[in-house]
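Take a look at the structure set out below.
What follows draws every value from the coordinates through simple rules; no lab data is involved. Quick caveat, the model's predicted, so the values are computed rather than measured. All Cβ positions, even for glycine, are placed from backbone atoms using ideal geometry, and neighbour counts span all protein chains on display.
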Amino acid sequence: EAGVTQFPSHSVIEKGQTVTLRCDPISGHDNLYWYRRVMGKEIKFLLHFVKESKQDESGMPNNRFLAERTGGTYSTLKVQPAELEDSGVYFCASSPALGYNEQFFGPGTRLTVL
Amino acid sequence: AQSVTQLGSHVSVSEGALVLLRCNYSSSVPPYLFWYVQYPNQGLQLLLKYTSAATLVKGINGFEAEFKKSETSFHLTKPSAHMSDAAEYFCAVNLYNFNKFYFGSGTKLNVKP
């Protein structure tokens, strides 16, 4: 069974540009999560999808971040326009059902904003 | 409010020595507790988890952790470090009725030959 995949693995962009990160969860997992780790600090929750619906987006830092999950399958996280403080590693995770206490993480996308 | 504190951002041990990585949490309700490991250039991998069953939890690669409610701790141990244990370790809390993790800031383990 394939794990959670993320694309790209690395992205380097200039301040003001747009970047889109993609996450493919484990097949059949209704729950999809985005997390971010900035500059060696703790990994912080961004948002949670159940199928195509946003269950909890309390961790989204501002309206420059837009997450979508088309058809309840893969998800994209767009940052527009990117700022220097958006640099970090963005992790995606999935789990099969609400209340299932384990999440399966992808390798992350390292975003560098210059 | 929920929070996770990992004491020591870097820990260095000799090969064969005891590994002890510390994690304390604060939570308004009984939590589920996890340790994840990230090897270089890889994603987060679950080491072990506590979900209100046995307080001493055994995980993969010889690691174990003990949930101590009175101390609000969930320290990770391994009796004998191996070179392959060099990685970054994250403690995390997941509340019973919620689906988001609260992570500590991570501890990088260095194993010296």
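Values for this structure:
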read-out	value
Theoretical gain in end-to-end length, B:GLU71 to B:THR51 [0.36 nm per residue, Cα-Cα removed]	5.5 nm
For the protein assembly as shown: Kirkwood Rh in Å [reciprocal of mean 1/r, alpha carbons]	18.1 Å
Kirkwood hydrodynamic radius of chain A, Cα pairs, Å	13.9 Å
Segment A:1-41 shape via C-alpha gyration tensor axes, a/c threshold 1.5	prolate
For a label point 7 Å along the Cα-to-beta-carbon line of B:ALA17, residues of segment B:65-88 with backbone N under 20 Å	B:75-88
Cα Rg over Rh - chain B, Kirkwood	0.95
Modelled FRET efficiency - R0 25 Å, A:MET39 with B:GLN42, Cβ distances, 0.05 increments	0.80
